[in-house]
Amino acid sequence: MDSGASSARRSRSGSPDLIASNAGTALPYATRSALHLKGLVPSGVEDFSAQESRALEQLHAKSTNLEKYIFLSWLRTTNIHLFYRLVLHNLKEIAPVIYTPTVGQACQEYSHIYPFLAPPNAVDGLYIPLTEVDNIDEIIENYRESIAEGDEPEITVITDGSRILGLGDLGMNGMGIPV
């Protein structure tokens with residue numbers, strides 16, 4: 001993990017982007033200071049295993065797989081290292097939640113759960129409706145401005161949302177598959 005201040009990503013308002021750290025409470029004091037995060041995260045520094053234990057406890061507290069999907073989606077956008085650690089160490093339990101069969105239900109209900117999958121400033125995809133095709137340059141530029149340098153996607157999945165998991169045309173709700 002880079003602990004230099006040069007890796008600090010700032011929001012459009014210029015304040016530190018807490019999501020950019022992707023370490024949560026595992027972020028060392030020196031890094032917090034360099035990223036101007038002192039006082040913006042809990043003061044205790046703990047290792048990823050403590051975070052993983054707490055996250056697994058939260059996951060088990062959810063009563064439905066859709067609730068677990070929402071929790072894991074939020075975790076993926078706020079602490080990607082912890083998300084993948086949790087998935088790798090609990091693959092058999094988590095795979096059906098982040099993919100089939102739960103992702104089908106998540107796609108069907110995407111427009112209802114979308115606001116709860118990530119914090120407001122976390123971009124989780126690029127939406128280009130037919131009504132905005134003439135503005136594609138602006139849309140792509142907005143996307144580029146929303147992500148930190150070095151965080152550019154290495155893969156692009158383009159879909160019209162039709163025939164997702166045999167569920168038919170889900171339109172925008174199909175976003176649950178590529179993300």
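Computed values, structure above
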| read-out | value |
| --- | --- |
| Surface accessible to a 1.4 Å probe, per residue, for the residues of the range 80-147, Å² | 65 Å² |
| Amide hydrogen neighbours beyond the local backbone of Leu170, cut-off 5 Å, H modeled | Ser162, Arg163, Ile164 |
| For peptides 41-47, 84-90, sequence by mean Cβ density within 10 Å, most packed first | 84-90, 41-47 |
| For the chain: relative contact order, % (alpha-carbon pairs under 8 angstrom, 6 or more apart) | 18 percent |
| Orientation-averaged projected area, Cα convex hull of the chain (nm²) | 11.4 nm² |
| Rg(Cα)/(2.2 N^0.38 Å) for the range 79-143, N = residue count | 1.44 |
| Filtered GluC sites (Glu not before Pro), the range 91-159: DSSP coil and at most 16 other beta carbons within 10 Å | Glu109, Glu149, Glu154 |
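The values are calculated or read from the model by the stated rules, or taken from the named source; none is laboratory data. Every value quoted in this text rests on a predicted model; they were computed, and no experiment measured them. Quick reminder, even Gly has a Cβ in these numbers, built from the backbone with ideal geometry, and neighbours come from all protein chains shown. To get the accessible areas, we keep the full protein, side chains included, count just its heavy atoms, and leave off ligands, DNA and RNA. Shrake-Rupley method; radii C 1.70, N 1.55, O 1.52, S 1.80 Å.
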